[in-house]
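The values are calculated or read from the model by the stated rules, or taken from the named source; none is laboratory data. As the structure is a prediction and not an experimental result, all values here were calculated from the model. Here the Cβ is made from the backbone with ideal geometry for all residues, glycine too, and neighbour counts use every protein chain on show.
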Amino acid sequence: MIGSIIGFSQFSGFFDVTKVSIERSSLDVPIREIEMTVRQLALGKNILTVNTADLIDAVKKMRPDASRVEIKKKYPHEIRVKIFKFPIVAEFRENTETIFVNENGFRVLGDTPDRDILTLSFGEKIDLTNLIDQIIDSKHLAKIRDAVFYFESLTGFKILNVKYFPISREAHFKIEKNYNIWIDITGDYRQQLDKLVDAGDALDLENRKYEYIDLRVRGKIFYKPKS
């Protein structure tokens, strides 16, 4: 009896994949492209022998901005795909253009954020036409986001926007008190920002005005008071 069932499943077209369905968590997911990728690998094959891990790898290779891909078999002949995107965490404002980016630094098209996000601009001249997919290095973006959260928790001041310098690898935080904090995003942002607390009385951030406060050099603070 077992042998006859195995034989039926292996050689009967009843278990051949004839349908691929896609569910997406974001409008910025090309259903047609993903469907074609999965169909090329699975259509017409016996669903029992289809390796879902291979399908997941293929979809992730095609969509590196996907945070998670789920693929399940719906017997007897359907492959169901769910794809989830990394959340939008920041926007770049360059001239009249607004570019949304996810937490991996990739451009997001067709979607808008569902919560408050970080506002950035480039501090150096960047040719946006060369940045087709990834707008900002993911490690730099993560460091900037962590530093913003740490600064606001440390001081109680709000950061309005950030200038990002990809070449010199630094970030300038525009503070609600109308001055700028400069940090090196390759260094330890905590050590840099902690200097504001260590020099709190001398700087008197509540009452004094600064063009900038430069924290990039280890153990030192450079600043320019507003005249």
Those residues of the stretch 114-134 which are surrounded by 15 or more Cβ atoms within 10 Å (Cβ to Cβ) and modelled with pLDDT under 90 amount to I126, L131, Q134
Extreme residue, farthest from the chain's Cα centre (by Cα), among residues of the stretch 195-216 that are more than 19 Å from E152 (Cβ to Cβ) and at pLDDT 95 or above = D214
For I31, work out the one condition from (1) closer than 27 Å to I132 by Cβ; (2) crowded, with 16+ Cβ neighbours inside 10 Å it doesn't fulfil.
-> (2)
Those residues that are in contact with a Pro (Cβ under 9 Å, 6 or more places away or on another chain) and part of a loop (DSSP other than H, G, I, E, B), I need them from the stretch 96-109; list them, please.
-> E103, N104
Looking at the stretch 174-194, is at least one residue in contact with an Asp or Glu (Cβ under 6 Å, 6 or more places away or on another chain), surrounded by fewer than 15 Cβ atoms within 10 Å (Cβ to Cβ) and modelled with pLDDT under 95?
-> no
Taking T119 as the residue in question, decide whether it is of a type in the set (S, T, Y) and in a strand (DSSP E or B).
-> yes
Checked against (1) assigned by TED's automatic domain parsing to the domain that holds D16; (2) touching a Lys or Arg at 6+ places or on another chain (Cβ under 9 Å); (3) among the aliphatic types (A, V, I, L, M), A58 satisfies every condition except (2)
Taking only pairs six or more apart or across chains, which ones have beta-carbon atoms under 8 Å, a first residue in the stretch 173-189 that is on the phi > 0 side of the Ramachandran plot, and a second residue that is in a loop (DSSP other than H, G, I, E, B)?
-> N178/K209
Would it be correct to say that M36 is closer than 30 Å to F100 by Cα and either hydroxyl-bearing (S, T, Y) or at pLDDT 85 or above (or both)?
-> yes
Residues of the stretch 158-173 being surrounded by fewer than 18 Cβ atoms within 10 Å (Cβ to Cβ) and more than 20 Å from I126 (Cα to Cα), which ones?
-> K158, L160
For the stretch 57-73, does any single residue satisfy the condition of being in contact (Cβ under 8 Å) with a residue 24 or more places away in the chain, surrounded by 15 or more Cβ atoms within 10 Å (Cβ to Cβ) and of a type in the set (K, R)?
-> yes
Test K174 against the stated conditions and say whether it is under 26 Å from T96 (Cα atoms) and part of a strand (DSSP E or B).
-> yes
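Every residue, every condition in (1) over 20 Å from E94 (Cα atoms); (2) in a loop (DSSP other than H, G, I, E, B), yes or no:
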{"site": "D111", "(1), (2)": "no, yes"}
{"site": "I126", "(1), (2)": "no, yes"}
{"site": "Y150", "(1), (2)": "yes, no"}
{"site": "L154", "(1), (2)": "yes, no"}
{"site": "Y164", "(1), (2)": "no, no"}
{"site": "I167", "(1), (2)": "no, yes"}
{"site": "I181", "(1), (2)": "yes, no"}
{"site": "L193", "(1), (2)": "yes, no"}
{"site": "L196", "(1), (2)": "yes, no"}
Residues satisfying the stated conditions in the stretch 140-188, i.e. farther than 23 Å from F106 by Cβ and of a type in the set (S, T, Y) = Y150, S153, T155, Y179
